[in-house]
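Have a look at the structure below before the remarks.
The values are calculated or read from the model by the stated rules, or taken from the named source; none is laboratory data. Keep in mind it's a predicted model, so treat the numbers as computed, not measured. When we count neighbours, we look across all protein chains shown, and the Cβ atoms used for this are built from the backbone with ideal geometry, even at glycine.
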Amino acid sequence: MTLVFGVFLLTLLVIVAVAIVRSTNLFAAVMLSGIFSLLMAVNFFLLDAADVALTEAAVGAGVATVLFLSALALTAEHEQVRPGGAALQWLPLVVAFATGGLLIYATFQNPVIGDPNAPVHQHVAPWYLENTPELIDIPNVVTAVLGSFRGFDTLGEVFVVFTAGIGVLSILGLRHTLVEMTSAEIDARQRSLRHHLIPRVVGRGMVPFILLFALYVQFHGEYSPGGGFQAGAIAAAAIILYSLLEGDDRGRALVPEWLLQIMVASGALLFGGVGVVCMLLGGSFLDYSVLAEVPSEGQHLGLLLIELGVGITVSGVLLTVFHAFARRASR
Amino acid sequence: MGVVELISFVLMTAGGFCVFVGGVGVLRMPDLYTRMHAASVTDTAGLFLVATGLMLHAGWSLPLFKLVAILVFLLVTSPTAAYALANAAMLSGHPPAGVRDETVPSAGRDGETP
Amino acid sequence: MEFLALYNYWVFAVLLLIGLYAVVAKVNLVKRLIGLSIFQGAVFLLYISMDKVEGGTAPIFQTADGAGVFSNPLPQVLILTAIVVGIATTALGLAVVVRIREEYGTVEEDVIEDMDADS
Amino acid sequence: MNLDAHLPILQIIVPLMTAPVVSLLRVPSLPWAAATVTSGLAFAVAVTLTGQVLAGGPMSYALGGWVPPYGIELYVDHFSALLLLIITGASTVALAFGKASLDQEVGHERAPMFYAAWLLVVAGLCGIVATGDAFNLFVFLEISSLATYVLIASAPDRRALMATFRYLILGTVGATFYLIGVGLIYMMTGTLNLADMTDRIAEVGELRPVLVAAGFITVGLALKAAMFPLHAWMPNAYTFAPHAATAFLAACSTKAAIYVLIRFDLTVFLPHLSDHAEQVSGFFIPLAVLAFLIGSAVAVFERNLKRMLGYSSVAQIGYILLGLALLSPLALTGAIVHLFNHALMKSALFMAVACLAFRAGSVQLPDLAGCGRAMPLTMGAFVLAGLSMIGVPLTAGFVSKWYLILACLEYGPLGYVLAGGILVSSLLAVAYVWKVVEAAYFQPRPEGARELREAPPAMLAVLWLVALGNVWFGIDTDLTLGLAEQAAATLLGDGS
Amino acid sequence: MIFYPVVFALLVTMALAIVRAVKGPSLYDRVLAVNMFGTKTVLFLAVASYLMGRPDFLDLALAYALINSIGVMAVLQFFQSREFRRRYEHRHEAE
């Protein structure tokens, strides 16, 4: 029966995607992207990917919408409509259809969805499922593969995030175009949503709970869906909520920029540092087993530390990016 | 099916009905404020019923607390969001249907830019 | 049910098609980035669709010995990474777009091309 | 701990882990110094690693102590060792060369981010080359791409932003295509490890998802490699990037994508997919010929010196692809040596351009008229590297072209046409190099133009080092040819 | 199965919300639709985690319940800053 639900939701997904591309209002497109992301997450959940659904929740519903809206506030809200511009363009259409057609052509020899005999479920994956209890000894196999078996990918992922952070800072953070505003206007912008009393009170009440939940996701990630990335995104979302309600200046007072920069760098360094320590103790890079007497305890310690590193860098980068956009708006 | 299960079923189905009515309201009501009304009133009721039904189903366990948390958070945030949205719409000069207000520039009434 | 067994892959292909069209055909830079995120979302769906095992559940053990049927954890791990890469790319792209708007006063690619051709 | 065994991972983590530290340095010039030292260290690692590979054969490194295919594996053989030398070498010389030029363009405020991004490009490219895992490769592809966008966007010209955006869109599409291909292969084989994939793909080599996957991977990487006709992003990206960064990126960023393309096509697909050999030849030969003819022809008419060299890179990538498409050991050797030699000549050429831009403040040919007399050493190095690009005997460019032409003649009747094409393209190269020489030496300095002086000695020293390298590797070909021949043999399956 | 009626109701309502989000007509309608879609998602995830026999995944529903409000606040802020920008541009045109 979940299959039928899945089909229904996937169909909605296609409808929303078409609506996004057709809409000339960018704000509407961003709102629809929010729905797209939620639908995507529900589909992931129905396909047994709880961790991925949680990530999509934190990223799609929380961070991506905020980023797109900040960018829209700084650019333009409408696509410029040209005479005849609304019509479909042929060359891109042909390219897109060729690509899509090729893939559909390929799918007819794909293994059926859910087929336990598909090659995907035969070779490497069962090994992870069989050996995780013994080698890593944690219930969440996704975390085990993410942090240990394929820990190097995750290291790379952290550095991708780090690159994006310093990139946005380098592109947006330093050179400024000054816009003259009256002091009343600057003041009004700084105040942000402070005069909306009800959202402010409710929102401020939410912030500690979101942070608490982020901590839970961070440290409970070995037993339930979650981990450093999701926790980092959720924690960043909490601070972003605070900044939205109280004004960007107070948000930055709460987590100052120098601290953010240190967070961005130190999380990545912590992850890499754990790997180097493993090397110094005689293992290979990221071989956490050497960190303690009992290999599985070493794995636990290693996972804890690297997830912490991931969480620190991710929340630092997301906040840096948010502030970089927000500061542009308040100039 | 035990009595608790039955009650749970009834509550959740009633919740589903409320949610559905809200959906129809959002689609069929004539203007923004009535739609918002339809959405938030039925949402709250539906949410309450569905969550209570699930709680009965869950029994005395850890998920029960998570359900309570979900319920409390949604009960607090959902009306807040509705209030904030209505407030923003009203302040920016988006008139309710049937209200003639000459101070609102007519260009702002139609289309995407209220 | 035979018809539905490959439905996910078709949706993947269609989403990819839609996203690619938006990326290639649109001239508004923000819209192209939105198209790019649909395009990447399609790939997430491809990977996650292949992880499902009939009758299985998410690969988080409920008992200590890990008994039971579980879906494949590996595509999930890969997509976790890919989602992060996607949001990083989007953030960087948006930053560039904001700077373009400041320098050129527009985010429509054809207008920008005209301005560059003049200078 | 035994450092030698850890060399493959050190190659990646030395630049990778220094990047966060560099991003925090706030003292002027310190980020540059740290990046240069780190890059030099990475080059030292690459040299040692190459020595080990030459002595003891390919090296494998299991990350986290998990045996492949369950864990991620690093795999360094002759081919990857050569690429590692190119990447770290180009980065080190460009950094040592570019301090003054980069200070002028990037400024001190952004310097920590800029140099951190530079190190991330180095680490990303090294990761692409060293990893033996298809998905890990994607992660490093993205690190290097994102960092490259940052480098290009750091230039002062506003057109750099548009160039960055186009590169970002096309680069992401390319990387995503690659990811789709890997996903489809993973779906059919259940593994991500390249060596394991090669073994297991044999059973399913006839099936459509694998064939489509081969197509997606090829197109995605071709986009990343700026292969004709997917090169649209490249000339502008090179033109508007900071000059010293161009010298680095032009030398190695597309090379890594070509490396992956060669590796996938020859080791994973070629032995097991039906008709793959015909497809490769039939698809790549015409594109390669078009690339070097059209690329060179456009370069002749280009007045912006950097864009001219960008189109010349399109042509040079055409040569490399031709070497791949002919599928013979000789041709492949030529292609691999050309990877190295092209890096050598392009980094010298772009460094010379950076010197000119540093003094003249422009890279438009009319603005550079008469610069030959004012900056004799710079222009001398430019001419030397230009000769190497044309393929004059006793320069590095000659060696690789010679191999390619020999391979063409070996190929049969069509080969004569191909060899002719190479000669025509070389003549076009003479034309555009001559255009620069003519402007520099035979045209008077225009009225009211900026007074020119010779570039600073620090820049000139590095520039001449690389320019003379073009001669050195044109005469002493033991290292490059030795590695390339081994690599070609392994790739085509004769060596093992 | 005791969950099917509510699941069907939720799915249909999600579709209705999408119709409203696509139709608009005003921006506020779209925001309303997104917000409503968000609460439906929370409920759907909560019910689905029981439907699939993994009540420990209520974490996901909880995460959405917490994060959903941020989107609305971002939208509000967006409207407000747009208002300022409009006034600012208006003042410039007047000069």
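Before we move on, is residue D:83 buried (at least 24 other Cβ atoms within 10 Å of the Cβ) and not in a helix (DSSP H, G or I)? Taking the combined requirement at face value, the residue does not satisfy it. Scoring residue C:107 on the criteria (1) facing chain A (nearest Cβ under 7 Å); (2) out of contact with any Lys or Arg (no Cβ under 6 Å at 6 or more places or on another chain) leaves a single failure, condition (2). Answer yes if at least one residue in region A:27-49 is within 23 Å of residue E:69 (Cα to Cα) and either in contact with a strand residue (DSSP E or B) (Cβ under 7 Å, 6 or more places away or on another chain) or at pLDDT below 85 (or both), and no otherwise. Checked region A:27-49: no residue is within 23 Å of residue E:69 (Cα to Cα) and either in contact with a strand residue (DSSP E or B) (Cβ under 7 Å, 6 or more places away or on another chain) or at pLDDT below 85 (or both).
When D:248, D:264 are screened for being crowded, with 24+ Cβ neighbours inside 10 Å, over 16 Å from the mean Cα position of the chain (by Cα) and either in a loop (DSSP other than H, G, I, E, B) or not small (Gly, Ala, Ser) (or both), only D:264 passes. Filtering C:7, C:47 for residues that are surrounded by 24 or more Cβ atoms within 10 Å (Cβ to Cβ) and without any contact (Cβ under 8 Å) to a residue 40 or more places away in the chain leaves a single hit, C:47. Per the conditions (1) among the hydrophobic types (A, V, I, L, M, F, W, C); (2) within 11 Å of another protein chain (Cβ to nearest Cβ); (3) surrounded by fewer than 21 Cβ atoms within 10 Å (Cβ to Cβ); (4) under 29 Å from residue A:328 (Cβ atoms), the sole criterion not satisfied by residue A:209 is (4). Taken over region D:184-218, the criterion of being free of Cβ contacts under 8 Å to residues at least 60 places away in the same chain, at the interface with another protein chain (Cβ under 9 Å from one of its Cβ atoms) and aliphatic (A, V, I, L, M) is satisfied by D:184, D:187, D:188, D:204, D:207, D:212, D:213. When each of D:488, D:455, D:484 is tested for being touching a residue at least 12 places away in the same chain (Cβ under 8 Å), part of a loop (DSSP other than H, G, I, E, B) and surrounded by 15 or more Cβ atoms within 10 Å (Cβ to Cβ), the lone residue that passes is D:455.
Among the residues of region A:86-93, none qualifies, meaning not one is outside any helix (DSSP H, G or I), crowded, with 18+ Cβ neighbours inside 10 Å and free of Cβ contacts under 8 Å to residues at least 24 places away in the same chain. Of all the listed residues (B:68, B:24), the sole one being modelled with pLDDT of 90 or more, more than 13 Å from the chain's Cα centre (by Cα), among the β-branched types (Val, Ile, Thr) and not in a loop (DSSP other than H, G, I, E, B) is B:68. Number of residues in region B:1-41 that are within 7 Å of chain E (Cβ to nearest Cβ), closer than 15 Å to residue E:19 by Cα and surrounded by fewer than 19 Cβ atoms within 10 Å (Cβ to Cβ) equals 2. Applying the set (1) at pLDDT 85 or above; (2) facing chain E (nearest Cβ under 7 Å) to residue B:88 leaves exactly one unmet item: (1). Figure legend. Inter-residue proximity from region D:64-88: first residues within 14 Å of another protein chain (Cβ to nearest Cβ) and within 13 Å of residue D:49 (Cβ to Cβ), second residues polar (S, T, N, Q) and surrounded by 24 or more Cβ atoms within 10 Å (Cβ to Cβ), beta-carbon distance below 6 Å, spacing 6+ or different chains. Indicated pairs: D:74/D:131.
The numbered conditions (1) crowded, with 23+ Cβ neighbours inside 10 Å; (2) in contact with a helix residue (DSSP H, G or I) (Cβ under 6 Å, 6 or more places away or on another chain) are all true for residue D:99 except (1).
Report, by residue number, each residue of region D:429-449 that is loosely packed, with under 13 Cβ neighbours inside 10 Å, at negative phi and not in a helix (DSSP H, G or I). Residues satisfying the conditions are D:444, D:446, D:447. Among the residues of region D:468-481, just one is among the aromatic types (Phe, Trp, Tyr) and crowded, with 19+ Cβ neighbours inside 10 Å, namely D:473. Over 19 Å from residue D:82 (Cα atoms) and not charged (D, E, K, R): is that true of residue D:29 in this structure? In short, yes. So, of the residues in region A:262-306 that are at the interface with another protein chain (Cβ under 8 Å from one of its Cβ atoms) and in contact (Cβ under 8 Å) with a residue 60 or more places away in the chain, which turns out to be farthest from residue A:232 (Cα to Cα)? Only one residue tops the list, namely A:285. Candidates are the residues of region A:274-312 that are touching a Leu at 6+ places or on another chain (Cβ under 8 Å) and among the polar types (S, T, N, Q); the one that is surrounded by the most Cβ atoms within 10 Å (Cβ to Cβ) is A:299.
When the criteria are applied in full, residue E:48 fails the requirement of being facing chain B (nearest Cβ under 10 Å) and either in contact (Cβ under 8 Å) with a residue 12 or more places away in the chain or of a type in the set (Asp, Glu) (or both). Taking region C:53-89 as the range and being among the hydroxyl-bearing types (Ser, Thr, Tyr), under 25 Å from residue D:133 (Cβ atoms) and facing chain A (nearest Cβ under 7 Å) as the test, the residues that pass are C:71, C:81. Annotation: of all residues in region E:1-26 being in contact (Cβ under 8 Å) with a residue 40 or more places away in the chain and in a helix (DSSP H, G or I), the one that is nearest to residue B:13 (Cα to Cα) is E:6. Quick one: residue A:256 ticks every box in (1) more than 16 Å from residue E:66 (Cα to Cα); (2) modelled with pLDDT of 85 or more; (3) within 14 Å of chain B (Cβ to nearest Cβ) except a single one, so which number is it? Result: residue A:256 passes all but (3).
Table: residues versus (1) in contact with a His (Cβ under 9 Å, 6 or more places away or on another chain); (2) under 30 Å from residue D:73 (Cα atoms); (3) not assigned by TED's automatic domain parsing to the domain that holds residue A:234.
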site	(1), (2), (3)
A:248	yes, no, no
A:257	yes, no, no
A:279	yes, yes, no
A:282	no, yes, no
A:296	no, yes, no
A:309	no, yes, no
A:314	no, yes, no
A:317	no, yes, no
A:326	no, no, no
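In region E:53-89, the residue that is modelled with the highest pLDDT out of those that are basic (Lys, Arg) and in a helix (DSSP H, G or I) is E:82.
Just one of the listed residues (D:323, D:318, D:334, D:310) is in a helix (DSSP H, G or I), in contact with a Pro (Cβ under 7 Å, 6 or more places away or on another chain) and in contact (Cβ under 8 Å) with a residue 12 or more places away in the chain, namely D:310. One residue stands out in region D:117-162 among those that are in contact with a strand residue (DSSP E or B) (Cβ under 7 Å, 6 or more places away or on another chain) and part of a helix (DSSP H, G or I): the one that is nearest to the other protein chains (Cβ to nearest Cβ), namely D:140.
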